[in-house]
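The values are calculated or read from the model by the stated rules, or taken from the named source; none is laboratory data. Because the structure is predicted, anything quoted here is derived from the model rather than measured. Here Cβ is always computed from backbone atoms with ideal geometry, including for glycine, and neighbour counts include all displayed protein chains. The area values use the complete protein model at the heavy-atom level, side chains included, leaving out ligands, DNA and RNA. Shrake-Rupley method; radii C 1.70, N 1.55, O 1.52, S 1.80 Å.
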Amino acid sequence: MKILQNFSQYLLKILPIITYTLYKNELGINVSTNKLIPILFFLKNHTNSQFKILSEICTVDYINKEKRFEIIYNLLSIRFNTRLKVKIMVNELQPIDSIISLYRSANWCEREIWDMFGIFFINHPDLRRILTDYGFEGHPLRKDFPLSGFLEIFYNELKKRIVYEPINLSQQYRLFEFNSPWDNKIKA
């Protein structure tokens, strides 16, 4: 733990890091989006870090924040047997530089984030949907996306083809009254 604290202090001195966190022997650093590529380049190639492996990129949607998406790059240094989380915050309209030139494994992750959250990656060589249908509108993992979607897709036996129809949900609201166990007081 002491080595990790010393390493975090070292990174704070030489990199433009906004903040850092230590949690369960893992270091997490928050950086600005315009400094992402130089910081990742440094972390990959510097002698004291050597984070050569990008294990994954994940995204969290905080719908009530101004910068609602937090993108987390999980890095691994085999030489020093350490992990590092590099975090950036973006809004839904802000594009991010692709890191494929540094880590080839980012290709699939960036495409998945584009498909599920709608975050655009600049200079990505093949940014297209991978998990949803080509005609799909919207991004399913955004918290403002309707859970049922916009279209219903089914095979129509009479027309002998797949049919796309807008969803019409007509459900009456019902009131449920449940008895609470705390309301029924047992008298002895």
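What about Arg129, is it modelled with pLDDT of 85 or more and open to solvent by 100 Å² or more (accessible area, probe 1.4 Å)? Walk me through how you get there before you give the answer.
Details: modelled with pLDDT of 85 or more: yes; open to solvent by 100 Å² or more (accessible area, probe 1.4 Å): no.
Judged against the criteria, Arg129 is not a match.
Could you figure out which of (1) under 30 Å from Thr47 (Cβ atoms); (2) assigned to a loop (DSSP other than H, G, I, E, B); (3) touching an Asp or Glu at 6+ places or on another chain (Cβ under 8 Å) isn't true of Lys143?
With (1) under 30 Å from Thr47 (Cβ atoms); (2) assigned to a loop (DSSP other than H, G, I, E, B); (3) touching an Asp or Glu at 6+ places or on another chain (Cβ under 8 Å) applied to Lys143, the lone miss is (1).
Is it the case that Asn48 is among the polar types (S, T, N, Q), open to solvent by 70 Å² or more (accessible area, probe 1.4 Å) and free of Cβ contacts under 8 Å to residues at least 12 places away in the same chain? Show your work before the answer.
Values: among the polar types (S, T, N, Q): yes; open to solvent by 70 Å² or more (accessible area, probe 1.4 Å): yes; free of Cβ contacts under 8 Å to residues at least 12 places away in the same chain: no.
Taking the combined requirement at face value, the residue does not satisfy it.
Go through (1) in contact with a helix residue (DSSP H, G or I) (Cβ under 8 Å, 6 or more places away or on another chain); (2) open to solvent by 50 Å² or more (accessible area, probe 1.4 Å) one by one and return the number of the condition Ile3 breaks.
Here Ile3 meets the rest and fails (1).
Looking for something closer than 28 Å to Leu141 by Cα, crowded, with 17+ Cβ neighbours inside 10 Å and in contact (Cβ under 8 Å) with a residue 12 or more places away in the chain - is there at least one such residue anywhere in region 14-26?
Yes, some residue in region 14-26 is closer than 28 Å to Leu141 by Cα, crowded, with 17+ Cβ neighbours inside 10 Å and in contact (Cβ under 8 Å) with a residue 12 or more places away in the chain.
Among Arg128, Arg111, Arg104, which is the only one that is touching a residue at least 12 places away in the same chain (Cβ under 8 Å), assigned to a loop (DSSP other than H, G, I, E, B) and not aromatic (Phe, Trp, Tyr)?
On the way: Arg111 fails: assigned to a loop (DSSP other than H, G, I, E, B); Arg104 fails: touching a residue at least 12 places away in the same chain (Cβ under 8 Å).
From the options Arg128, Arg111, Arg104, the qualifying one is Arg128.
Considering each of Thr47, Thr82 in turn, give the residue that is closer than 17 Å to Leu102 by Cα and of a type in the set (Ser, Thr, Tyr). If you could, list the steps in order and put the result at the bottom.
Numbers: Thr82 fails: closer than 17 Å to Leu102 by Cα.
Checking each option against the conditions leaves just Thr47.
Select from region 63-84 the residues that are free of Cβ contacts under 8 Å to residues at least 60 places away in the same chain and part of a strand (DSSP E or B) and list them in ascending order. Outline the logic, then answer.
Here is the first cut: in region 63-84, the ones free of Cβ contacts under 8 Å to residues at least 60 places away in the same chain are 64-81, 83-84.
Phe69, Glu70, Ile71, Ile72, Tyr73, Asn74, Leu75, Leu76, Ser77, Arg83, Leu84 - these are the residues of region 63-84 that are free of Cβ contacts under 8 Å to residues at least 60 places away in the same chain and part of a strand (DSSP E or B).
Only one of Leu36, Leu11 is under 19 Å from Phe120 (Cβ atoms), open to solvent by less than 60 Å² (accessible area, probe 1.4 Å) and not in a strand (DSSP E or B); which?
On the way: Leu11 fails: under 19 Å from Phe120 (Cβ atoms).
Of the residues listed, the single one that is under 19 Å from Phe120 (Cβ atoms), open to solvent by less than 60 Å² (accessible area, probe 1.4 Å) and not in a strand (DSSP E or B) is Leu36.
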